[in-house]
Amino acid sequence: MAASQLQNPLKTPSSQLSIKKHKPCFLKPRRLTVSAAHPHLNGRKLRVAVIGGGPAGSSAAEALASGGIETFLFERSPSTAKPCGGAIPLCMVDEFSIPHHLIDRHVTKMKIISPSNLTVDFGSKSLRAHESIPMLRREVLDAFLRNRAESAGAQLIPSLVTHLEIPSSSLSPYIIHHTVNNSRKTLAVDVIVGADGANSKVAKFIKAGNYTCAIAFQERIRLPDEKMEYYQNLAEMYVGNDVSPDFYAWVFPKCDHVAVGTGTVCGKQDIKMYQQGIKQRVKNKIKGGKVIKVEAHPIPEHPRPVRVRGRVALVGDAAGYVTKCSGEGIYFAAKSGRMCGEGIVRASEGGEWMISEDDLKREYLMEWDKKYVSTFRFLDLLQRVFYGSNEAREALVEVCGSEYVQRMTFDSYLYKKLAKGDGWEDLKMVFATFGSLMRCKIVGRDMAAFNL
């Protein structure tokens, strides 16, 4: 490629890049983190490319641009969004200043239904008056977060990234090859944030290692008014071998339709069979509905072996930040993006200094692991205990009938921290759980014998 074709912002005046200038709105360097080995960027600011414009990428771009970093946000398809149930924790609304008009439904009732159709009302008594689970559409949320990142000063580049050139030295730029309207272009930057989902190209380019992926499949179904009324503020979760061998199926309300879907790791080749299973379980509730969209997407099952390499950091699904048991990823995507962006701002002193791999590990990765690794491990344990067989799923639903279990679950989910319980109640919960598991295994054997 000719030198004239290489757009290198490391040598291009900012005025020629049409990048807006904004003062940082909420980010300030917390402490001095650079060393003498980190050169001062005389005459320019640190330049960072965020690849992927979902909640993770947009939140990272907003934090970076607000903190004085010259920021480029790549999104290959701004008009589409990842298939997603759309539930977010209550704390995210305030923490990320999500406007209430973006929220389609405020779920105040949940039902969890066992393989034998044992149904537990989850939340009708245990949710406080001001609490709910906000439900929204990803295409609406993603567009809002991208627009906000642009308003903070990030430059949105609607483009497909095709290749990354890894620098040969700690001070050389990364070269991003991308296509815009079938035209090949390049861009040179100091740092890259990979927010490009479970099939992350950025992760492949930096050899971040593989991870196990689940597949989520859902259909958006527009229901007759009388059927939609039933799901006005209600979400349902179904468990059983007929809907997923290792996860759950769902019916989540949207603005004028419901999302009906399921997910699995070990039975990906049979995902359509499991989708038919959940539709069979809810057939009377969705009768007369019209499928308006069919969606499928991979979901990471655990963090990647490598999440930072060189001056590249992975966030969101690209890093593997989706929780077991619940399959939640929106909040952790946005939070990891923001934490990464803020960490880069701190390490570079507002974009004045070059940063290193050690800076990214210290300011982002260690902070993330310290805050959330215990949550991910706990939910992984719950999935292994309760999702392995129909007997265990029966026990899960039975245990969920406890108001104490429900309150602890909501405190942890809605506010994104492991709830501190009452010691005596915790002990009773443990004994009740063991009792349910033992009883349901016996019942399961009896049912299997009866079926024979």
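The values are calculated or read from the model by the stated rules, or taken from the named source; none is laboratory data. Treat the numbers as computed from the prediction; the structure is a model and nothing was measured. No Cβ is skipped: glycine too gets one built from the backbone with ideal geometry, and neighbour counts run over all protein chains shown. Each accessible area value is taken on the protein alone, full model and side chains, heavy atoms only, with ligands, DNA and RNA left out. Shrake-Rupley method; radii C 1.70, N 1.55, O 1.52, S 1.80 Å.
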*Karplus couplings for segment 64-70 from phi (6.51 cos²θ - 1.76 cosθ + 1.60, θ = phi - 60°), rounded to Hz, Gly and Pro as x?*
5, 5, 5, x, x, 8, 6
_Taking the full set of protein chains and a 1.4 angstrom probe, give the accessible area of SER183 in square angstrom, rounded to the nearest 10._
50 Å²
*Give the long-range amide H neighbours of PHE74: residues separated by 5 or more places, or on another chain, with amide H under 5 Å away, using H modelled in the peptide plane at 1.01 Å from N.*
VAL50, ILE51, GLY52, ILE157
*segment 120-198 and segment 37-62: distance between their alpha carbon centers, rounded to Å*: 12 Å
*In terms of modelled amide H atoms, which long-range or inter-chain residues lie less than 5 Å from the amide H of ALA214?*
ILE299, GLU301
_Would you calculate the convex hull of the Cα atoms in segment 269-424 and tell me its volume per residue in Å³?_
179 Å³
*Apply the Karplus parameterisation 6.51 cos²θ - 1.76 cosθ + 1.60, with θ equal to phi minus 60°, to every residue of segment 93-105 and state each ³J(HN,Hα) to the nearest whole Hz, in sequence, with x for glycine and proline.*
4, 7, 4, 10, 6, 7, x, 5, 6, 7, 8, 6, 9
_How large is the accessible surface of SER412 in square angstrom, using a 1.4 angstrom probe and rounding to the nearest 10?_
30 Å²
*Let me know the charge dipole size of segment 73-174 about its Cα centre in debye, to the nearest 20, where only the beta-carbon of Lys, Arg (+1) and Asp, Glu (-1) is charged.*
400 debye
*If you place +1 on the Cβ of every Lys and Arg and -1 on the Cβ of every Asp and Glu, how big does the dipole about the Cα centre of segment 202-307 come out, in debye to the nearest 20?*
360 debye
*LYS290 accessible area, nearest 10 Å², 1.4 Å probe?*
140 Å²
*Top to bottom by accessible area (1.4 Å), largest first, where do PHE144, PHE376, PHE96 land?*
PHE144, PHE376, PHE96
_Net charge of neighbours whose Cβ lies under 14 Å from the Cβ of GLY57, counting Lys and Arg as +1 and Asp and Glu as -1_ = +2
